[in-house]
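Just below is one structure, and these are the notes that go with it.
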Amino acid sequence: MQTLSKSRFVSGNQCEKKLYFDVYRKELRRPVSPEQQALFDTGHQLGALAQLVFGGGRDATTDMNSKWGVAIERTRQWLSEGVTTIYEATFSVPGGFAALDILHHADGERWAIEVKSSTSVKEYHLTDASFQYFVMKKAGFAPDKVFLMHINNKYVKQEEIDPTLLFHLEDITEQVLSNQPFVAQQHAALIEMLSAAAEPQKDIGKHCGKPFSCDYMHHCWAHLPENNIFDLSNARGKDWLLYKQGIYSLSDVPDDFPLNHRQELQVSGVKNNAQHIDVAKIKDFLSTFEAPLYFFDFETINPALPVLDGTRPFEQVPFQYSLHITDLAGNVIEHREFLASPEDFSDVNKTDPRLQLIRHLKSVVGEGGTMVAYNAPFEKTILKALAVSFEQEKAFIDSLIDRFADLLTPFSSGWYYKPEMGASASIKSVLPAIAPEFSYKELPIGNGGLASSTFHDIITKKLTGEKNTTTRDLLAYCERDTEGMVVIYRHLVDLVRE
């Protein structure tokens with residue numbers, strides 16, 4: 001008989017074909033990405049911190065060399081001995097396996113505690129906790145209460161992280177108990193499916209991305225052509241409506257199918273290689289710009305475990321900016337940049353690196369001129385948060401926010417469209433369409449996610465590369481972003497002139 005762990009049970013609950021692949025076709029799974037690995041690493045860190053809340057426990061998985069039978073036997077023995085707290089308490093029954101994050105005894109009750117890196121209880125958390133309870137009960141060790149231990153997003157770091165304040169313990173016993181009939185039925189169905197050893201016939205659907213993006217989407221979605229209906233901009237269900245009608249390619253979308261302006265441009269681009277440029281609206285947009293222009297871009301980190309005093313879990317913390325200063329024609333006057341010192345994130349005697357960033361920005365931005373960003377709400381949100389944290393700089397920051405213009409607007413509004421842009425109006429889609437020679441490819445750090453994780457690795461002393469070289473790579477990436485904005489702006493200016 002096949003055995004389900006909580007992760008496999010959740011996989012099967014999302015899609016039985018996903019579970020089948022987990023068991024029989026693992027070679028189809030794509031390698032773990034750096035972003036996924038970072039999430040796994042954070043989960044391990046959180047698990048270790050959570051154990052400190054219930055300190056003095058024994059770890060059933062210590063030195064077991066992947067032999068889960070050892071952990072199962074230890075758990076049974078320690079429970080018979082009355083051990084108060086067991087980490088990774090492990091249980092096994094025919095068809096089921098559970099390794100509990102924390103098993104704790106208090107006031108004559110047995111508590112099952114699952115640790116999660118979210119800031120609230122999600123539906124799939126209830127699913128996997130319900131499966132844990134199902135296995136524990138069948139093994140003869142049903143807990144009296146089940147808790148989800150998640151991150152408290154109100155927690156503010158001050159010096160060393162305090163695990164007792166970082167986590168919130170939420171009682172989910174009632175939901176777990178009410179889920180038991182479903183778990184028993186689903187468990188039996190999934191075991192039966194695996195025992196048949198035949199790939200389930202399951203078409204693609206919204207379940208492919210809920211609650212997680214499936215590791216096998218590239219395989220199950222391989223029948224879709226290039227420029228397929230799931231590339232439709234801001235589809236809002238129109239993609240699935242077309243799919244159910246047997247329409248897979250944007251080139252086959254009926255002429256009378258209801259589309260908004262941006263979607264019409266995209267479909268026309270695929271069908272007719274047509275572009276759309278509304279010069280009048282672009283001209284009106286550019287007429288609001290005032291010299292000098294400050295093309296501005298932040299880079300931020302938002303770790304689950306805050307790394308800077310005064311910040312909360314998942315708070316966006318700016319550590320870098322790039323600034324290209326130009327005249328109204330787009331001629332570069334100078335380039336300025338800031339990159340925080342990683343050491344300042346851990347040295348409480350140093351000036352807060354966020355305040356250093358504000359003061360540096362204050363020294364290079366004049367009182368007049370337009371601040372230009374691509375997707376300006378992000379930069380403005382970061383600045384608003386800084387104004388709250390540093391009230392003494394609020395007047396400067398508020399005046400800066402009032403001066404922003406968003407270079408994304410002509411593209412997201414559909415005033416400018418080229419087929420090469422596809423569904424996206426992001427800077428990484430617009431630049432290749434208007435300036436194919438402009439590229440990020442030669443940069444060691446070529447996207448914001450990698451920039452963020454790299455700087456976080458420096459702060460937490462996990463960087464595997466050479467620090468000075470990595471610092472130069474970070475500066476080069478952020479500079480390339482604002483340089484790209486200048487290229488786009490010049491293109492629009494030339495267009496209006498012509």
*In nm, to one decimal, how far is the modelled label at GLN36 from the one at ALA235, with both set 7 Å along Cα→Cβ?*
2.2
_Cα convex hull volume per residue for the range 48-187 (Å³)_ = 120
*Give the percent of DSSP beta bridges with both residues in the chain that are antiparallel, rounded to the nearest 5.*
75
*First check a/c for the range 156-229, with a ≥ b ≥ c the square roots of the eigenvalues of its C-alpha gyration tensor; if it is under 1.5, answer rounded, and if not, answer prolate when a/b is larger than b/c or oblate otherwise.*
oblate
_Helix 123-138 against the longest principal axis of the chain: what's the angle in degrees, Cα atoms only, rounded to the nearest 10?_
10
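Starting from 0.36 nm per residue, how many nanometres of slack lie between LYS67 and SER118 once their C-alpha separation is accounted for?
Taking 0.36 nm per residue and subtracting the Cα distance, the gain is 15.4 nm.
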*Which of rounded, prolate, oblate describes the chain, given a ≥ b ≥ c as roots of the alpha-carbon gyration tensor eigenvalues and a/c under 1.5 marking rounded, otherwise prolate only if a/b is larger than b/c?*
oblate
*Kirkwood Rh in Å, taken over the range 316-388 so that all alpha-carbon pairs contribute*: 13.7
*Over the range 232-357, what is the mean sequence separation of C-alpha contacts under 8 Å (at least six apart), divided by residue count, expressed as relative contact order in percent?*
16
*Treating the beta-carbon of each Lys and Arg as +1 and of each Asp and Glu as -1, no other charges, what is the dipole magnitude of the range 6-196 about its Cα centre, to the nearest 20 debye?*
700
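Kindly identify the range 388-468 as rounded, prolate or oblate by the Cα gyration tensor criterion: order the square roots of the eigenvalues as a ≥ b ≥ c, call it rounded if a/c is under 1.5, otherwise compare a/b with b/c, prolate if a/b is larger, else oblate.
Working: a/c = 3.12, a/b = 1.13, b/c = 2.76.
Oblate, because a/c is 1.5 or more while a/b does not exceed b/c.
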*Along the charge dipole of the chain, which of LEU169, VAL23, ILE488 sits closest to the positive end, that is, farthest toward it, with unit charges on the beta carbon of Lys, Arg, Asp and Glu (+1, +1, -1, -1)?*
VAL23
*With charges set only on the Cβ (+1 for Lys and Arg, -1 for Asp and Glu), what does the dipole of the range 279-497 come to about its Cα centre, in debye to the nearest 20?*
340
*5 Å binning of all Cα-Cα separations within the range 457-498, expressed as whole percents from 0 upward*: 6, 19, 16, 13, 12, 9, 8, 7, 5, 3, 1
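Work out the P(r) tail for the range 223-274: percent of alpha carbon pairs separated by more than 13 Å, whole number. Before the final figure, lay out each step's value.
Details: 670 of 1326 pairs.
Looking at the range 223-274, the distances longer than 13 Å represent 51 percent of pairs.
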*asked:* For Cα pairs less than 8 Å apart in space and 6+ apart in sequence, what is the mean separation divided by the residue count of the chain, i.e. the relative contact order in percent?
replied: 13
*Which residue, chosen from VAL70, ALA235, ALA405, occupies the Cα position most advanced towards the positive end of the dipole of the chain, where the dipole is computed from +1 (Lys, Arg) and -1 (Asp, Glu) charges on Cβ about the Cα centre?*
VAL70
_Using the basic label-point model (7 angstrom from Cα toward the beta carbon), what is the ILE333 to ALA48 distance in nanometres?_
5.0
*Once you charge only the Cβ atoms, +1 for Lys and Arg and -1 for Asp and Glu, what is the size of the charge dipole of the chain about its Cα centre, to the nearest 20 debye?*
1080
*asked:* In the chain, if the dipole is taken from +1 on Lys/Arg beta carbons and -1 on Asp/Glu beta carbons about the Cα centre, which of LEU463, ALA304, ILE358 is farthest to the positive end?
replied: ALA304
*asked:* Cut-off under 17 Å on the C-alpha distance; same-chain residues fewer than 8 positions from LYS441 excluded. Which lysines are left, in chain and number order?
replied: LYS428
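Read-outs: derived from the displayed coordinates by stated rules, not from any lab. Treat the numbers as computed from the prediction; the structure is a model and nothing was measured. Glycine also receives a Cβ, built like all others from the backbone with ideal geometry; neighbour counts cover every protein chain displayed.
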